[in-house]
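Taking it in order: structure first as structure tokens, then the write-up.
The values are calculated or read from the model by the stated rules, or taken from the named source; none is laboratory data. Please read all numbers here as calculations on a predicted model, not as lab measurements. Cβ atoms come from the backbone with ideal geometry, glycine included; neighbour counts cover every protein chain shown.
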């Protein structure tokens, strides 16, 4: 049963099971073409092996050189690049190393020679006068002070001898040391003469010379004396006394503490009450004491034998008032009195 037109446009390839050599790929393109032609004729007719002689492999012109290079290796080429040849040809001549020391010496000699020539030519040439410094014409008639000082005679030469030290000017009191005659120790001594006894002279001068103290010791003694006087003055006037500024500061601290204490609310004060001022409390207490003394006086002046109803009522009234006054005195005698605030 045919499903449609066939899409094969060429010959049908042979079955690989029947022709296995057909699918083997030749080594070259020409072999592939020849093999393809032979394989295509395989099914139609037998190949004619004697029809065309076999061709040899194609060789490039430089194949022999490549073969020799591969057999010889690349070491010879590398040595030739480094100016070392293993072949029969002579290696190129290398340059000797340059001697820099000789070159530097030669250069130094050339510079010295050139410098000497320049100096010689400069000495032989005509000397050039120096250029005069510029000077303002208004100072032409002004004389030099230095020149006038040099022309004047030196006054120090006339009085120079006045500053010389005189003999024995610094030997104690200024008396020259006595000269004593010394006898030679033996007959071999040559001559005899006068000599100065400096030892005895220095001893006498040391006895007569006043004793001097160094400035540092004198200054130290003065400082110690001033410190001693200052300590005595302090002990006499200030030691053991409290300074005035400390007393004033103590009073100020006391007033501040009292103010803080008065400003704080009293913890013993009940709610709804206020503390009575101290002056008001004292005034009330004094009035209560006066009332108590007056009531006691009235109670004492009552007649003892009065048994009337009116006298008894008056006595009872005085006793009641006296009890109230005593209770009030007890209350206002306390350091703090709290008064209920008005609603």
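Only one residue in 185, 210, 173, 177 is part of a loop (DSSP other than H, G, I, E, B), in contact with a strand residue (DSSP E or B) (Cβ under 8 Å, 6 or more places away or on another chain) and modelled with pLDDT under 85, so which one is that?
177
Would you be able to say whether some residue in the stretch 243-250 is assigned to a helix (DSSP H, G or I), surrounded by 11 or more Cβ atoms within 10 Å (Cβ to Cβ) and modelled with pLDDT under 90?
The answer is no; no qualifying residue exists.
Collect the residues in the stretch 251-274 that are assigned to a helix (DSSP H, G or I) and within 17 Å of residue 336 (Cβ to Cβ), keeping them in residue-number order.
Passing the criteria: 258, 261, 262, 263.
If the requirement is being over 60 Å from the mean Cα position of the chain (by Cα) and either loosely packed, with under 12 Cβ neighbours inside 10 Å or at pLDDT 90 or above (or both), which of these qualifies: 271, 265?
On the way: 265 fails: over 60 Å from the mean Cα position of the chain (by Cα).
The match here is 271.
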